[in-house]
1. Mind giving me the nanometre distance, one decimal, between the label points for Glu36 and Asp77, set 7 Å out from Cα along Cα→Cβ?
2. Suppose R0 equals 22 Å; then what is the FRET efficiency for Ala112 and Tyr43 from their Cβ-Cβ distance, rounded to the nearest 0.05?
3. For a test of understanding, tell me how many lysine pairs in the stretch 13-127 have Cα atoms under 24 Å apart, given they are 8 or more places apart or on different chains.
4. Please sort 103-112, 53-62 by packing, taking for each peptide the average over its residues of neighbouring beta carbons within 10 angstrom, highest first.
5. With each pseudo-label sitting 7 Å past Cα toward Cβ, what's the Ser97-Asn20 distance in nm, one decimal?
Amino acid sequence: MLDQREIYLQVQKSKVSMMNHPDRAFSFQEIKSRDELIKAMFYCSWPLCYSFYHDKLLFLSDGESEVSPEYAVVTVDKTEGRFGVLGRELGRIKPGSMSPSEAPELIQQMGANRYARGDPVHIMAEPKWHHHCSLCGLDDEQ
């Protein structure tokens with residue numbers, strides 16, 4: 001029989017995540033400057049699992065292909081276990097549909113929590129040095 005906490009967690013998990021790929025195991029690397037973050041998102045190509053952490057926000061690679069990246073910007077409200085993250089999706093950055101000059105203001109707005117969207121998410125985000133999966137080619141099967 002399930003206790004109240006387990007029921008609550010199951011209900012919450014059924015509600016969470018508007019993300020395209022909530023089951024993806026994300027890796028992340030901390031990037032200190034906003035300029036470096038913009039450079040990484042707009043001018044580089046990364047595996048689909050590769051994401052960034054900047055100014056207390058995760059920029060999770062939630063796109064369909066490496067040539068058309070899309071980043072879900074997520075708060076880290078609570079951690080769970082080793083790599084579980086409970087947070088809110090504040091918005092998205094799609095480098096293919098906006099210019100790099102538009103990104104600083106958008107990032108600043110999301111960082112200041114002035115962005116209207118706040119859909120709950122529950123994801124796995126591992127530090128880059130610990131991560132391995134089939135999307136980046138660093139899984140145990142190879």
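1. It is 2.9 nm.
2. Rounded to the nearest 0.05, the efficiency is 0.30.
3. 11
4. Values: 103-112: 15.3, 53-62: 21.2.
Highest to lowest by the protection proxy: 53-62, 103-112.
5. A separation of 1.0 nm, rounded to one decimal place.
Here, each number is a calculation from the coordinates, and none is a lab measurement. The shown structure was predicted, so the numbers you read here are calculated from the model rather than taken from an experiment. So basically every Cβ, Gly included, is an ideal-geometry build from the backbone, and we count neighbours across all protein chains shown.
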